[in-house]
1. Take region 304-321 and flag every residue that is of a type in the set (A, V, I, L, M, F, W, C) and within 18 Å of PRO79 (Cβ to Cβ).
2. Take the conditions touching a helix residue (DSSP H, G or I) at 6+ places or on another chain (Cβ under 9 Å), assigned to a helix (DSSP H, G or I) and in contact (Cβ under 8 Å) with a residue 12 or more places away in the chain and apply them to GLN642. Does it pass?
3. Within region 1-47, restricting attention to residues that are among the hydroxyl-bearing types (Ser, Thr, Tyr) and at pLDDT below 85, which residue is nearest to LEU62 (Cα to Cα)?
4. Could you check, for region 132-145, whether at least one of its residues is open to solvent by less than 10 Å² (accessible area, probe 1.4 Å), farther than 15 Å from SER310 by Cα and assigned to a helix (DSSP H, G or I)?
5. Could you list all residues from region 607-627 that are free of Cβ contacts under 8 Å to residues at least 40 places away in the same chain, within 17 Å of ASN663 (Cβ to Cβ) and part of a helix (DSSP H, G or I)?
6. Just one of (1) in contact (Cβ under 8 Å) with a residue 40 or more places away in the chain; (2) within 26 Å of ALA451 (Cα to Cα); (3) under 19 Å from the mean Cα position of the chain (by Cα) trips up LEU374, so point out which.
7. Mind listing whichever residues of region 377-387 are over 30 Å from LYS885 (Cβ atoms) and either touching a Cys at 6+ places or on another chain (Cβ under 8 Å) or buried (at least 22 other Cβ atoms within 10 Å of the Cβ) (or both)?
8. Regarding GLU894, is this residue open to solvent by less than 10 Å² (accessible area, probe 1.4 Å) and over 16 Å from THR811 (Cα atoms)?
Amino acid sequence: MSSWRSLLLRLGEKCPEYAGNADFKDQIDACHSLVRREIEHSGDDVFPVRKYEHTASPCYHLAERFLLQCAEQLPHKIPLYGTLIGLLNLENEEFVSKLVESTQINLQDALETGQCNKIRILMRFLTVLMCSKVIQPSALVVIFESLLSSAATTVDEEKGIPSWQARADFYITCILSCLPWGGAELVELCNVPISSIPLLNHIFSFFSFTSSFSANAELPTSHVDFQQVPEEIERVMVGVEAYLSIRRRVSDAGVSVFEDIEETNNVVNEKDFLEDLWSRVQDLSNRGWKLDSVPRLHLSFEAQLVAGKSHDLSPVSCPEQPGPPGALSGIAFGRQKHEAELKYPQRIRRLNIFPSNKTEDLQPIDRFVVEEYLLDVLFFLNGCRKECAAYMVGLPVPFRYEYLMAETIFSQLLLLPQPPFRPIYYTLVIIDLCKALPGAFPAVIAGAVRALFDKITDLDMECRTRLILWFSHHLSNFQFIWPWEEWAYVLDLPKWAPQRVFVQEVLEREVRLSYWDKIKQSIENAPALEELLPPRGGPQFKYSAEDGTDPTERALSLELKDMVKGRKTAREMISWVEENVFPAHGFDITLGVVVQTLLDIGSKSFTHLITVLERYGQVIAKMCTDDDQQVKLIMEVSSYWQNSAQMTAIAIDRMMSYRLISNLAIVRWVFSPLNLDRFHVSDSPWEAREKGMEKGVELILRNAVSKTYNRISDLRKEISSLERSVVLAERAASRAREELESAESKLSVIDGEPVLGENPVRIKRLKSYAEKAKEEEVSVRESLEAKEALLARAVDEIEALFLSLYKSFLTALAEPLHDASRDGTLRPSGHADDMAIDLEDSSVMELDKDDERPKKSHPNGSGERRGYNLDEKQQWCLTTLGYLKAFTRQYASEIWQHIEKLDAEVLTEDTHPLVRKAIYCGLRRPLEE
């Protein structure tokens, strides 16, 4: 990498490129000198980019392109890059003018395509450029007004589409998130007469439609006297406050990490994310726009920057509304709302894991800014985790933020409905942070684990599974060291208690990542926990020599093994089964012999299993042709791998891939009486030999649905691509046909005589081109029709799967809910307060200063702990309802396509309220519609 690129990339870091000098001012001076020379010496070295509609096609100078890349992908350094560009503007206005133009074009393109992170970052970049006198403050306010106007129109009940409020909220969030970087400068630089504020009239006009808004909507007057002349920043604040008064408050029901399935909707007085950000910006405004987390580096060069020319910035336009305005049915509104929330998701849902005194020195807006820094680094450096960790520990803030960093990472790891990246990414980042800050961060992570463990009862089922997977993987990278004696008390809890289940599941996952003896050694300080270890792995072959099985069945198994060793074909094996085994022994014994023997042959490795299924899967397919027989097949697999939930899931998953097992058969097996009783526990006296199977059951069910769901997603992508290909093929065929017709219609002179048509050789070539183009068009259309037929079949399949799944949940829950619920609640009377979710509970959980251990958690497991007051049936209901909500949330996009059928056949008037609430929460669908 050239020296000027290295300096740009490492700007703001203490690194060799700057000879270890960490002073920002000196670094900017050094970088400015080198970049300025690069621009002067490579004036003709440009990089072309594609042309945008209604805009000229810009050519990026290499330095300009690299500067924009740095600003977009290292956004926590934007104040540094903004100041550098301001200095470059003093000597090369043309270069900076093109950079501003390119930024505006990129922002317009991001708005059109809905690239949320790019929109947010480019708006912050423009705000910083305004601080460095590169663009006019009024130009930035025009962009704010465009977003405000679009947001206000969207949420208007008569002129807009309120179901797309997620996009409107995102636009307002972008505006507010810019103010920490430029609010002070907007206040200092701008004064505009109120007569030039068309936006205010537009915003206020909405209040004339009183029937469209709640009775609480009032004209905002708390911050601005409308008889006075507001500054530009104040008019933006007034517009935002007006928007907040007409929008609907967003509830986190269904996507909250800590949530009770039967909790009443008590969010009326709670702020949502946008309202919380608004209150933080108000606090910043009241303190004179002073904050510690955003370096105002341009002030060090203010005497120079004031001499620069401020460039004009073309206005941007927001995309059109996604549909015509008008009233929508509840289902149509819900579908559109879900689509909008997928495209414009909420970036973070805060987890208050630690007590408030750990971050009490932070101002409200500083917490938001540091979260922005951390989320940006996590997003843009997801491909290089070591760089990510290095940047996360070196943010440009003057205070410590380890606790906030841990809360932010866990908020992403546990984000619902799904995290931005695979959970393994956050696992690796946490590991690297522990290595980068060995004296501080491991203790912070340990404190977070203890805090989450104390609240595990209230944790969403999906988040609980993610936490188990993360914690076991994390410990595997640190020699499985953990003070297990702190949690030894879980053995005194009922076997269905969530804390006990959590410990057991973590130990089981550790065994998968290591081996049984190693994990037993890791809990030597709490030897009693060995009771929670899974049994030693290994298959349970029904026809082993030492087993007391029927000699005839064992002989059949040996004969089958000899056939496999003798390389007999699947057809020969099918003939042997049909002629010699099935007539004499019946289906059950025949199935047991074939499945158990083939699984035993394939038990040595995953490759062996795949080979056996590929060679002899037809034998199993010939025997198991309906769901009843396939359920028995699954039971044989689970019997063989009864000591390994992981291998059970793998074997069934492979069989489903080879179409030996249908997803409907898997649903029937999961909800069979044998498995239903294991939904909430992993250790009970009557199934000691099958310990750990309940997570396998849940995993198998999830895999069964995911395969069908992913197949539909892939088909839709392929169809979308083919539709574009059809359009291109039609255009190519039309052009070829037009060229041929044009050539044939021309008069040519051949041998002195006029002849209709051009040169025969060219005519022949054009005919060939036209025929090939037509054939290509026909081929693409046929491919499209074939994919559409596959999609229609897959959609019917997943509809049947969803109906079967929900009906199974309803049947399984009907009797237990009737017996366990009291007055519509599963909480025992007199103990509701003990088990209720308290999102502020972590604020009173003090940590010991020496080892960051919660004072309410005791090393020996004794002492003050929250009691566990649910009986087994109540816990089973809560767990099963939690799984129901998690499945609904994960596949909500597809479920919304079949909601009418679901309403007609599942969510009837007889449906239990808690079941209805679980499904509605998963869909984020209001109960009162």
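1. Going through region 304-321, the residues of a type in the set (A, V, I, L, M, F, W, C) turn out to be 305-307, 313, 316, 318.
The answer is LEU305, VAL306.
2. On the way: touching a helix residue (DSSP H, G or I) at 6+ places or on another chain (Cβ under 9 Å): yes; assigned to a helix (DSSP H, G or I): no; in contact (Cβ under 8 Å) with a residue 12 or more places away in the chain: yes.
Spelling it out, it is not the case that GLN642 is touching a helix residue (DSSP H, G or I) at 6+ places or on another chain (Cβ under 9 Å), assigned to a helix (DSSP H, G or I) and in contact (Cβ under 8 Å) with a residue 12 or more places away in the chain.
3. Step one: list which residues in region 1-47 are among the hydroxyl-bearing types (Ser, Thr, Tyr), which gives 2-3, 6, 18, 33, 42.
Subset that is at pLDDT below 85: 2-3, 18, 42.
Details: SER2: 12, SER3: 14, TYR18: 22, SER42: 8 Å.
Once the filter is applied, the top-ranked residue is SER42.
4. Initially, region 132-145 is screened for residues open to solvent by less than 10 Å² (accessible area, probe 1.4 Å), giving 132, 134-135, 140-141, 143-144.
When the remaining residues are screened for being farther than 15 Å from SER310 by Cα, the result is 143-144.
Cutting the leftovers down to assigned to a helix (DSSP H, G or I) gives us 143-144.
Yes, some residue in region 132-145 is open to solvent by less than 10 Å² (accessible area, probe 1.4 Å), farther than 15 Å from SER310 by Cα and assigned to a helix (DSSP H, G or I).
5. If the condition is that a residue be free of Cβ contacts under 8 Å to residues at least 40 places away in the same chain, within 17 Å of ASN663 (Cβ to Cβ) and part of a helix (DSSP H, G or I), then ALA621 is the only one that fits.
6. It is condition (1) that LEU374 fails.
7. From region 377-387, those over 30 Å from LYS885 (Cβ atoms) are 377, 380-381, 383-387; that's our starting set.
Hits for region 377-387 are VAL377, LEU381.
8. Values: open to solvent by less than 10 Å² (accessible area, probe 1.4 Å): yes; over 16 Å from THR811 (Cα atoms): yes.
Taking the combined requirement at face value, the residue satisfies it.
The values are calculated or read from the model by the stated rules, or taken from the named source; none is laboratory data. Computed from a predicted structure; not experimentally measured. Note that each Cβ is placed from the backbone with ideal geometry, even for glycine, and that neighbours are counted across all protein chains shown. Areas reflect the complete protein model, heavy atoms only, side chains present, ligands, DNA and RNA absent. Shrake-Rupley method; radii C 1.70, N 1.55, O 1.52, S 1.80 Å.
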